[in-house]
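The next block holds one structure in the form of structure tokens; read it before the comments.
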Amino acid sequence: MRRQAAHDSLAFLEHTDHVSVKQRVEPVEVVFGLQVRNRYEIRDRNGEHRLSALELAGGLWSWVIRQYLKGMRPFRMEIRDLEGGLHLKLRRPFRFFFFRLEVQDAEGRLLGVVRRRFSWLRRIYTIEDPQGTTKAELFGPILKPWTFEIRMRDRVEGFIRKKWSGLGKEVLTEADDFHLQLGPGIDPRLRPLCLGATFLIDFVHFERQ
């Protein structure tokens, strides 16, 4: 029964058209302005808390890196259900510009990669399968700085959008809320990669540098 519940916690991504990702407000960050590990709640279209994402600690050196590199920092993150079952692993190695996020299943098998592409003005990422084949593109319009379009075969199939979190949360913290809109044309195998891309976008574009 527990295994089935754990499967259902991630399986909702295969059919849903809307996911909310809400970053938790950490009191230490508000009071002292310190960089802390990012934590998120992942909710379905009905607002039900389905999964949690947690940046792993990594010891004292990782804490120092968080304070100095901030949103540029490398990180490892795990996505678990409410019973603690592991579903996805995320790994971001350090890059100055060509940012990269690896998405793995619970056993460590590579599901795909989200990769920043060069552009003078636009924000462009590719979503690639384990063989490096581009399956989708994330495109950030210049006049919509809080929006990334999910494009497949030159068609917009979904969006990653930062949501206004309220004046207090926006000014006093780095905690961000996102809406992930997934159209029916997005393959179920790409949906965990789109979810992973949301966290990379948060670090790169919305963490205070």
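Among the residues of the stretch 125-153, which ones are in contact (Cβ under 8 Å) with a residue 12 or more places away in the chain and farther than 25 Å from Trp164 by Cβ?
Those that are in contact (Cβ under 8 Å) with a residue 12 or more places away in the chain and farther than 25 Å from Trp164 by Cβ: Thr126, Ile127, Glu128, Asp129, Pro130, Gly132, Lys135, Ala136, Glu137, Met152.
Does the stretch 61-68 contain any residue that is crowded, with 16+ Cβ neighbours inside 10 Å, small (Gly, Ala, Ser) and within 15 Å of the chain's Cα centre (by Cα)?
In the first step, residues of the stretch 61-68 are kept if they are crowded, with 16+ Cβ neighbours inside 10 Å; the result is 62, 65-66.
Among the residues that remain, those that are also small (Gly, Ala, Ser) are: 62.
This time we only want the ones that are within 15 Å of the chain's Cα centre (by Cα), so: none.
No, the stretch 61-68 contains no residue that is crowded, with 16+ Cβ neighbours inside 10 Å, small (Gly, Ala, Ser) and within 15 Å of the chain's Cα centre (by Cα).
Filter the stretch 112-133 down to the residues that are under 18 Å from Arg155 (Cα atoms), surrounded by 13 or more Cβ atoms within 10 Å (Cβ to Cβ) and of a type outside the set (Lys, Arg) and list them by number.
Residues of the stretch 112-133 that are under 18 Å from Arg155 (Cα atoms), as a first pass: 122-128, 133.
Subsequent filtering for residues that are surrounded by 13 or more Cβ atoms within 10 Å (Cβ to Cβ) retains 123-128.
Result: Ile124, Tyr125, Thr126, Ile127, Glu128.
If we scan the stretch 69-81, do we find a residue that is at negative phi, of a type outside the set (S, T, N, Q) and assigned to a loop (DSSP other than H, G, I, E, B)? Walk me through it before giving the result.
Kept after step one, since they are at negative phi, are these residues of the stretch 69-81: 69, 71-81.
Now drop any that are not of a type outside the set (S, T, N, Q), which leaves 69, 71-81.
The next check asks that each one be assigned to a loop (DSSP other than H, G, I, E, B); those that pass are 73-74.
Yes; the residues of the stretch 69-81 include at least one that is at negative phi, of a type outside the set (S, T, N, Q) and assigned to a loop (DSSP other than H, G, I, E, B).
Residue by residue through the stretch 108-155, note down the ones that are part of a loop (DSSP other than H, G, I, E, B) and modelled with pLDDT of 95 or more.
In the first step, residues of the stretch 108-155 are kept if they are part of a loop (DSSP other than H, G, I, E, B); the result is 108-109, 118-122, 129-133, 141-146, 153-154.
Across the stretch 108-155, the qualifying residues are Gly108, Arg109, Asp129, Pro130, Gln131, Gly132, Thr133.
Being touching a Ser or Thr at 6+ places or on another chain (Cβ under 8 Å) and at pLDDT 90 or above is the filter; apply it to the stretch 163-209 and report the residue that is farthest from Phe148 (Cα to Cα).
Per the criteria, the residue is Asp177.
Would you say Arg122 is closer than 17 Å to Leu13 by Cα, touching a residue at least 12 places away in the same chain (Cβ under 8 Å), in contact with a strand residue (DSSP E or B) (Cβ under 8 Å, 6 or more places away or on another chain) and charged (D, E, K, R)? Steps first, answer last, please.
Values: closer than 17 Å to Leu13 by Cα: no; touching a residue at least 12 places away in the same chain (Cβ under 8 Å): yes; in contact with a strand residue (DSSP E or B) (Cβ under 8 Å, 6 or more places away or on another chain): yes; charged (D, E, K, R): yes.
Spelling it out, it is not the case that Arg122 is closer than 17 Å to Leu13 by Cα, touching a residue at least 12 places away in the same chain (Cβ under 8 Å), in contact with a strand residue (DSSP E or B) (Cβ under 8 Å, 6 or more places away or on another chain) and charged (D, E, K, R).
Would a scan of the stretch 65-74 turn up a residue that is under 21 Å from Ser20 (Cα atoms), modelled with pLDDT of 90 or more and in contact with a Phe, Trp or Tyr (Cβ under 7 Å, 6 or more places away or on another chain)?
Scanning the stretch 65-74, I find no residue that is under 21 Å from Ser20 (Cα atoms), modelled with pLDDT of 90 or more and in contact with a Phe, Trp or Tyr (Cβ under 7 Å, 6 or more places away or on another chain), so the answer is no.
Restrict the check to the stretch 26-46 and report whether at least one residue is of a type outside the set (Lys, Arg), at pLDDT 90 or above and either in contact with a Leu (Cβ under 7 Å, 6 or more places away or on another chain) or more than 22 Å from Leu195 (Cβ to Cβ) (or both).
Scanning the stretch 26-46, I find at least one residue that is of a type outside the set (Lys, Arg), at pLDDT 90 or above and either in contact with a Leu (Cβ under 7 Å, 6 or more places away or on another chain) or more than 22 Å from Leu195 (Cβ to Cβ) (or both), so the answer is yes.
Find all pairs meeting these conditions: Cβ atoms under 6 angstrom apart; at least six residues apart or on different chains; first residue within the stretch 41-66 and on the phi < 0 side of the Ramachandran plot; second residue assigned to a loop (DSSP other than H, G, I, E, B).
Filtered contacts from the stretch 41-66: Asp44/Thr16; Arg45/Thr16; Arg50/Asp44; Glu55/Arg37; Glu55/Asn38; Ile65/Arg73; Arg66/Gln35; Arg66/Arg73.
Condition first: in contact (Cβ under 8 Å) with a residue 40 or more places away in the chain and among the basic types (Lys, Arg). Now tell me which residues in the stretch 86-119 satisfy that.
Across the stretch 86-119, the qualifying residues are Arg92, Arg116.
The values are calculated or read from the model by the stated rules, or taken from the named source; none is laboratory data. These figures come from a predicted structure and were not determined experimentally. Every residue, glycine as well, gets a Cβ built from its backbone with ideal geometry; the counts of neighbours run over all protein chains shown.
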